[in-house]
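Below is one structure, written out as C-alpha cells; the observations come after it.
The values are calculated or read from the model by the stated rules, or taken from the named source; none is laboratory data. The shown structure was predicted, so the numbers you read here are calculated from the model rather than taken from an experiment. Ideal geometry is used to build each Cβ from the backbone, glycine not excepted, and the neighbour counts take in all protein chains shown. Side chains are part of the model used for accessible areas, which takes the heavy atoms of the whole protein and leaves out ligands, DNA and RNA. Shrake-Rupley method; radii C 1.70, N 1.55, O 1.52, S 1.80 Å.
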Amino acid sequence: MRDIIIAGNWKMNKDAGETAKFCGELKDRLADVSAPGLRVIVAPAFVLLPAAKQALTGSRIEVSAQDVSSHVQGAFTGEVSAPMLASLQVSYAIVGHSERRQYHAETNELVRDKVQMLLDHQIIPIMCIGETLQQREAGETEAVLESQLTGCLNGIELQTGKELVIAYEPVWAIGTGKTATSEQAQQAHAFIRNWLQARFDAQIAQNLSILYGGSMKPGNCEELISQPDIDGGLIGGASLKTDDFVSMVHTGISVLKKGK
Ligand code: PGA
C-alpha cells in the first residue's frame, strides 16, 4: 500500500513564536504515534524552516518549503535555492501551487524546472495541479490536468515514484470551504494515476502518493482519503489549528489500519 501523507501548507501564516509553539505541541501530541506508512509534514514560510526543524527535533514530523527557485545560485534577489533547502535538511518543497500560478504567473515550464532542481538535490517535490471552476464547468478538467502533467513533468525521469508527490488541488475548492465530492476527487486522482502509468510505468504509478487539497478538514478527511487513489491531503486553513491537524493525522492512521 502507498504511504498516506498528511501535509499542512501554512501559506503566509504563523510567525516565529507561533511556529515554535505549534511544532512543539505537535511533537508532544503525536509523540506516541508511530504508524508505518504514515508521513506527517508541515510547510512553514522559508524564513521559519530552521525554527520548525528545531522544534521538531526528535519527532518523525517532517518539514517542507512552500516553493524553491528554479536557479541553483547567483543574482536572483529574494529567491531561495534547492541547495539552501538541502543544507537545512528540508525534505520536501511544494511547487506549482495555484496561488503561485495565479499571483506570480508561474507556468508549467517553470514548475518543471523547479521539479528537476529539487530532484537533483534529493528533495521531494509536492507538485500541485488542478482546474479552475470555469474549466470544470466547461468539461475541461481532464484536459487541463493532462496539459499540466505533460508540461510539469516534461523530460523528468523517476526511479521509483517515491521521489515525487502530486497534489490534486481544484482551484475552486482552495480556501473557499467548497470541497470536491469524494467521487469528483477520486475520478481526478484515478485519471492522474492512469496518466502516470502511461507516461512512466505501473510500478511508479502505484508507488506515487497523490494528495487531495482544497478545504480538507476533519469533517471530510476520512471520506476523501478512504478513496482508492487519494493518498492523503495537502491542507491549508485546517492545518493551522493543532486540534484539527492532529485529528486528521489520526484519521490517516485509522485509514491505514483499515486498509483500502
Ligand atoms: P485550503 O488550502 O485547505 O485552505 O483550501 C489548500 C491548499 O491551498 O494547499
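Below, the figures for the structure above:
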item: Taking the chain and dividing mean pair separation by its residue count, relative contact order in percent (alpha carbons under 8 Å, at least six apart); result: 20
item: Under 14 Å, Cβ to Cβ, from Leu119 - net charge with Lys/Arg +1 and Asp/Glu -1; result: -1
item: FRET E, pair Asn194, Ser247, Förster distance 30 Å, beta-carbon r, rounded to 0.05; result: 0.40
item: Net charge of neighbours whose Cβ lies under 14 Å from the Cβ of Glu109, counting Lys and Arg as +1 and Asp and Glu as -1; result: +2
item: Most mobile listed residue (Pro50, Pro228, Pro83) in the chain, GNM with C-alpha springs under 10 Å; result: Pro228
item: DSSP-loop GluC sites (Glu not before Pro) across segment 157-225, with at most 14 other Cβ within 10 angstrom; result: Glu157
item: Apportionment of accessible area to carbon and sulfur, segment 162-260, percent (1.4 Å); result: 51
item: Over 23 Å between alpha carbons, listed pairs Lys217/Lys258; Lys162/Lys260; Lys14/Lys162; result: Lys14/Lys162
item: Computed accessible area, His250, all protein chains, 1.4 angstrom probe, square angstrom; result: 90
item: Net +/- balance of residues flanking Ala51 in space, Cβ distance below 12 Å, scoring K and R +1, D and E -1; result: +1
item: Additional length obtainable on full extension of the chain from Ser147 to Gln206, 0.36 nm per residue less Cα span; result: 19.1 nm
item: Simple Cβ-charge dipole of the chain, Lys/Arg +1 and Asp/Glu -1, about Cα centre, in debye nearest 20; result: 560
item: Estimated FRET transfer efficiency when R0 is 30 angstrom, pair Leu88-Asp28 (beta carbons, to 0.05); result: 0.85
item: Per residue, in Å², the accessible surface of segment 46-173 once ligands and nucleic acids are set aside, probe 1.4 Å; result: 46
item: Candidate aspartates and glutamates - alpha carbon under 18 Å from Lys21, same-chain residues fewer than 8 apart omitted; result: Glu62, Asp243, Asp244
item: MRE, 222 nm, helices only [DSSP H, n ≥ 4, -39500 (n - 2.57), over the chain, to nearest 500]; result: -12500 deg cm²/dmol
